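Below is one structure; the comments refer to it alone.
The values are calculated or read from the model by the stated rules, or taken from the named source; none is laboratory data. Since the structure is predicted, the reported quantities are computational estimates derived from the model, not experimental observations. Neighbour counts run over all protein chains shown; Cβ positions are idealised from the backbone, glycine included. Surface areas here come from the heavy atoms of the whole protein model, side chains and all, with no ligands, DNA or RNA. Shrake-Rupley method; radii C 1.70, N 1.55, O 1.52, S 1.80 Å.
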Amino acid sequence: MNSYTSKGTGNPINRVEGKLKVTGMAKYASEFNVKDLVYAQGINSTIAKGRITAVDTSEAEAQKGVLAVITFKNAEKLAQYEKDLHPLSTTSIQPVLQSNEVHYYGEYVGMVVAETFEQAQYAARLVKYTYDESKPDIDFQASKPKAYKPTEQSDYSRGDVASGLAEADVTLDETYVTPIEHHHPMELHALIGSWNNGNVQAYASQQMIDNAAKTIADTFKIDKKNVRVMSPYVGGGFGSKLAAKQHVILALMASKAVGRPVQFTVTRTQMFTNTNLRQRNEQRIQIGAKKDGTLTALSHDTLSHTSTYEQYQESCGTVSKMLYKTPNNSVTHRLMPMNLQTPFAMRAPGEATGSFALESAMDEMAYKLDMDPVEFRIKNDTQVDPSNDKPFSSRLLNECLRLGAKEFGWENRPKTPGTMSEGNWLVGYGVSGASRRAPFMKTSAKVILELKDNKVYATLQMDATDIGTGSYTILAQTVSEYLDIPVAQVDVELGDSEYPVTPGSGGSWGAASFANGARAACEQAMKDLKVKAGATDATSTAALMQASNLNTLEAEGTAEPDEEYKAHSVFSFGANFTEVWVDKDTGVFRIKRMLNVASCGKILNPKTAFGQIIGGCAMGAGMAIAERTEVEPNYGNFITRSFADYHVPVNLDMANIDVIYLPEEDKIANKMGIKGIGELGITSVAASIANAVFNATGKRMRELPLTPEKMILK
Amino acid sequence: MRPFNYIAAKTRQEALTAIQEREEAKYLGGGTNLVDLMKEDVERPEHLIEVADLDNDRITANAAGGYTLAAAKSNSATANAPEIRKNYPLLSMAMLSAATAQIRNMATNGGNLLQRTRCPYFFETSMPCNKREPGSGCGALEGANAKHAIFGWSKSCVATHPSDMCVALAALEATVSVQAPDGSERTIDFTDFHRLPGSSPEKDNTLEPGELITAIDLPKPQFTEHYHYLKIRERSSYAFALISVAAGLKIRGGIITDAGLAMGGVAHKPWKLTSAEAYLIGKKPSTTHFEEAARLALEDAQTLAYNAYKVPMGSKAIVRALEQAYAKKA
Ligand SMILES: Cc1cc2nc3c(=O)[nH]c(=O)nc-3n(C[C@H](O)[C@H](O)[C@H](O)COP(=O)(O)OP(=O)(O)OC[C@H]3O[C@@H](n4cnc5c(N)ncnc54)[C@H](O)[C@@H]3O)c2cc1C
Ligand code: SF4
């Protein structure tokens, strides 16, 4: 739909910035034309644990164009963590090159700064390190005795799982494994940074502008107001760009050292080693149920790893606390310190992986109970969040399941696994339920109105980001709606720390928070206008400006959660249906079709929303089909080190994905009724696929991904 | 990347002279493998002599009644050429299963034969690898070897050859024409072109230093009715084979009169299944015979810690490829 004639939210208009993107005019972090720019290249450790005992930089320094070689020996002293095992967050400091200690393979141990990218890259290979190497902890099995209880997200329980299991007619006790994965947004992490009289300027690729500014300020021990971060366009993040990573600090350190602006672009291989990862999780699920399918107990115990110096865990068990009604419930998380990079949030952290375990286990239970997996889920629905006794602001999970089952033709599934075939293919159907928190966060925005040729033009400014999701478009639509002007008269400016503060893109709160912030600014503008215009019968925004004798008007507004929101549990819900065809001999399978039914509040733009859900489904399919990062068993490096070995799904793997949105406006969630969709799409897709594989073959696959190798050995 | 010199050869002679005059020089085809390896610091040539634009970019009829593929021709143009699709559909099918359209457009036939293993230890210069650095040890032998060889490996190297095209060429019994810097020419049977690692895994093939591949000669049209290339991989395109099978059958009067069978992803070279081929000749096409052929083919398999799956997978793949070849309606 043409963006220009459209007004308001709800229309499937094309992206307002689409033309800039396809013509290459939209500038990403490393594309800014900055005068006197030089290039930094990070150097990675080639051991997983030990100490650097000597560094020889002479050959590198002698190369043409090389301006500096920085290692722990001459690096600027930065802020340090105050305690061991610091819980990593989006605002944590990022000390780098501060000691000779190596914690994981590929850790930055230095960098070269040179006039050209090629010179920096070449010289980086010439810096010679001597290590005192120790045996690294890289074996998951062997690390188990070291598991500890993390500082945050402590254990949870209600009722008594043991007695719940004892009173059950049918029980299940299984362990599900998800591998290390990487975020891999298409746009590499990058920074162009410079210093000017103690002020930092950074063109960055970040999801959260304010947090990035804070990390920079705190790491260099300066005031945040001296830091300007700009990320007008971000080519995906999936969580890896929530926090400023070490290259941000390295680039700025380099710029200070050489007195010139520095570009640091992380290589694709460094995207494996230096921008965090999704951790491997072993999740044990126990379920008890009565013959009629009523749950009596559910426990979810997750074992994962973190680095030896920071803590992070994705809370896989969250989903088991709230998705189904059960009186007896317990959730635990444990972490093993290992010589691997610290993990960090990747799209639907906790839910994407936790739902694989829970929704596979629910499927197994349904078969044990001889119940339809759809009906088994519906039976255990709850309209009150059992983990905190708050009512859900809205929960249409049953409706998603019912509508999905009807539209998908669920009744045609083979009731007994392995009984439907097409030539050499075994056919199976799978289902899963999905939930993902739909937060709404305090957000500010500024709107500037201008009257030209009797038309009102508006510019919206906020430090929100568009990470490929469509923020520019939905915000233009929101402003258009609340100022009652066509989308064509709205200009949106994002991703600059000089603009009003927002929570940034992450955690599925972007659309709800940004749009309500924009709404608040527009409502403030209209209110100011009406006051200024006094008694008038003018109704249009242009007429109001004329009546108030104004050519321009600026207004700021802030939206934040109210009491009603806090009194509820706010989640988006969905159901995923998949048909797979599994080769009866070779272990290869194809996803024939997928249907995702989502209940996620008001849809601001069906087109961009659709992109979010199908993108999520494709990423969920990636979890099921092939995505995994493999750790070399003796040295601890990743043997999957490029897109040639780290397999994401291709079009041929995916076939058709249909999406249905249940019509809904959740006014408890926020005034505009919007809920998050960015992470709902990926949630439980892997389980839906694995469940379909079981239905097709009778093989229950409890470890992702479902490679031909695993399928054939089962 | 290390700095290097670039020389664009326009004729064979220019290329041969250029390589003779220089140390540490390499021919450059489409660069899809060599340049990647230079970025990783695995290959370190000081001079690149481009041979992708040589004057012999053609497919021509040869004296044996078959066709000759110029080394400089692209994989796409070769696989899609009407002569190849019609006369060697097995080759076409195998080539089109490789990589992506973009890579196949760049890749040359000569380069395809000489592409190097995808062993992760070979790619990472901080790891031991006898192929990259003779004497440094084989990281994969006691390491991550799920994608490695089950046939013909040695303690020095357990790598596999990654090409799909070469598996079909082994089944078709092609020959490779090469020319030495002194101008002399020779041909090498395809099955002798690549070698087993033995104690010198740094040598992938039997080319002498400076020799230029000029062409690949195909015998008379073969397996035009009953053929199949089966490639088992982790995703439906753009992935190397875990296991692949090139199967060609000639069936006359309900009896198999000729069979071409080779496997990929299992050895340091495209693995020709000679005993299975011999077994099939004279038999009626049937699943029982195909299963016996697969059993014979995998008899000598020797698995490593993580690649035992390749035996059942290989067996299923051989049977399936033969069934598909048999069932194919040309
Ligand atoms: C991500 C990725 C995925 C791939 N997937 C597949 C796959 O699924 N299946 C598959 O089969 N292949 C696959 N390939 C490999 C691809 O087929 C090879 O890279 C390609 O065939 C090499 O041809 P080239 O002309 O680019 O060779 P180059 O990279 O130019 O050269 C390769 C080698 O051949 C030498 N050489 C080139 N021409 C000659 C000549 N005429 N005489 C002597 N020496 C010569 C060079 O010196 C060099 O050592 C993939 C590659 C990539 C990058
Ligand atoms: S298998 Fe061959 S290529 Fe791989 S590490 Fe061993 S020697 Fe190197």
For the stretch A:1-129, what is the accessible area per residue in Å², given a 1.4 Å probe and the full set of protein chains? 48
Would you mind checking A:Lys224/A:Lys245; A:Lys135/B:Lys155; A:Lys27/A:Lys214; A:Lys710/B:Lys231 for any pair whose Cα atoms are more than 20 angstrom apart? A:Lys135/B:Lys155; A:Lys27/A:Lys214
Under the helix-only model (-39500 (n - 2.57) for each DSSP H run of 4 or more, divided by the residues of chain A), the mean residue ellipticity at 222 nm, to 500 deg cm²/dmol, is -8000 deg cm²/dmol
With a 1.4 Å probe and all protein chains in place, put A:Leu475, A:Leu713, B:Leu114, A:Leu88 in order of accessible area, largest first. A:Leu713, B:Leu114, A:Leu88, A:Leu475
Overall Cα dimensions of the stretch A:1-153 - principal axes, largest extent first, Å: 67, 51, 29
Largest first, how would A:Met526, A:Met253 line up by accessible area (1.4 Å probe)? A:Met526, A:Met253
With θ taken as phi - 60° and the coefficients 6.51, -1.76 and 1.60, list the Karplus ³J(HN,Hα) couplings across the stretch B:202-216 in order, rounded to whole Hz; mark glycine and proline as x. 5, 9, 7, 8, 9, 5, 8, x, x, 5, 9, 6, 9, 6, 10
If one computes P(r) from the Cα atoms of the stretch B:224-274, what percent of pairs lie at distances over 16 Å? 49
Would you mind calculating the relative contact order of the stretch B:226-327 from Cα pairs under 8 angstrom and at least 6 residues apart, reporting the percent as a whole number? 30
Based on the alpha carbon coordinates of the stretch A:103-232, what radius of gyration and maximum Cα-Cα distance (Dmax) apply, in Å? 23.7, 72
How do the peptides A:119-126, B:157-164 rank, highest first, by the average count of neighbouring beta carbon atoms within 10 Å per residue? B:157-164, A:119-126
How large is ³J(HN,Hα), in whole Hz, for each residue of the stretch A:456-463 in order, when computed from phi with the Karplus curve 6.51 cos²θ - 1.76 cosθ + 1.60 and θ = phi - 60°, using x for Gly and Pro? 9, 10, 10, 10, 9, 10, 7, 7
The convex hull of the Cα atoms of the stretch A:615-689, divided by residue count, gives a volume in Å³ per residue of 143
Compute from the Cα atoms of the stretch A:92-173 the Rg and the Dmax, the latter being the longest Cα-Cα distance, and quote both in angstrom. 23.8, 72
Can you pull the three principal axis extents for the Cα set of the stretch A:442-579, in Å, largest first? 59, 34, 32
Dipole check, the stretch A:51-174, charges on Cβ (K,R +1; D,E -1), about Cα centroid: among A:Tyr131, A:Ala162, A:Ser89 the Cα furthest to the positive pole belongs to A:Tyr131
Which whole-number percent is the relative contact order of chain A (Cα, under 8 Å, 6+ apart)? 17
Using eta = 0.890 mPa s and T = 25 °C, Stokes-Einstein with Kirkwood Rh from Cα pairs puts D for chain A, in µm² s⁻¹, at 92
Alpha-carbon radius of gyration plus Dmax, which is the widest Cα pair, for chain B in Å: 19.4, 62
What are the ³J(HN,Hα) values, in whole Hz, obtained from phi via the Karplus relation 6.51 cos²θ - 1.76 cosθ + 1.60 with θ = phi - 60°, for each residue of the stretch A:6-11 in sequence order, with x given for Gly and Pro? 7, 9, x, 8, x, 9
Evaluated at 25 °C and 0.890 mPa s, the Stokes-Einstein D of the stretch A:14-67 based on the Kirkwood radius over Cα pairs, in µm²/s, stands at 153
Normalised radius of gyration for the stretch B:226-327, please: alpha carbon Rg relative to 2.2 N^0.38 Å, two decimal places. 1.04
What is the percent of Cα-Cα separations in the stretch B:5-52 that go past 13 Å? 50
Mean Cβ count within 10 Å, highest first, over the residues of peptides B:271-280, A:676-685, A:419-428, B:257-266: A:676-685, B:257-266, B:271-280, A:419-428
Quote the Stokes-Einstein diffusion coefficient, in whole µm² s⁻¹, for the stretch B:36-120, based on the Kirkwood radius over alpha carbon pairs, a temperature of 25 °C and a viscosity of 0.890 mPa s. 173
Choose one of A:Val693, A:Gly42, A:Ile613: the residue whose Cα lies farthest towards the positive end of the charge dipole of chain A (beta-carbon charges +1 Lys, Arg; -1 Asp, Glu; about the Cα centre). A:Gly42
When the scattering of the stretch A:178-314 is computed by the Debye formula from its Cα atoms alone, each counted once and equally, what is log10 I(q)/I(0) at q = 0.09, 0.20, 0.21 Å⁻¹? -0.38, -1.15, -1.22
Which order, highest average first, do B:17-23, A:38-44, A:78-84 follow once you tally other Cβ atoms within 10 Å for each residue and take the mean per peptide? A:38-44, B:17-23, A:78-84
With label points built 7 Å along Cα→Cβ from the Cα atoms of B:Asp189 and A:Glu560, find their separation and express it in nm. 8.3
Per-pair calculated FRET efficiency, R0 = 41 Å: A:Glu31 and A:Lys532 via Cβ, rounded to 0.05: 0.45
With every protein chain left in place, what is the accessible area of A:Val490 in Å² (1.4 Å probe, nearest 10)? 20
What is the total of Lys pairs in the stretch A:327-447 with C-alpha atoms under 24 Å apart, excluding same-chain pairs fewer than 8 positions apart? 8
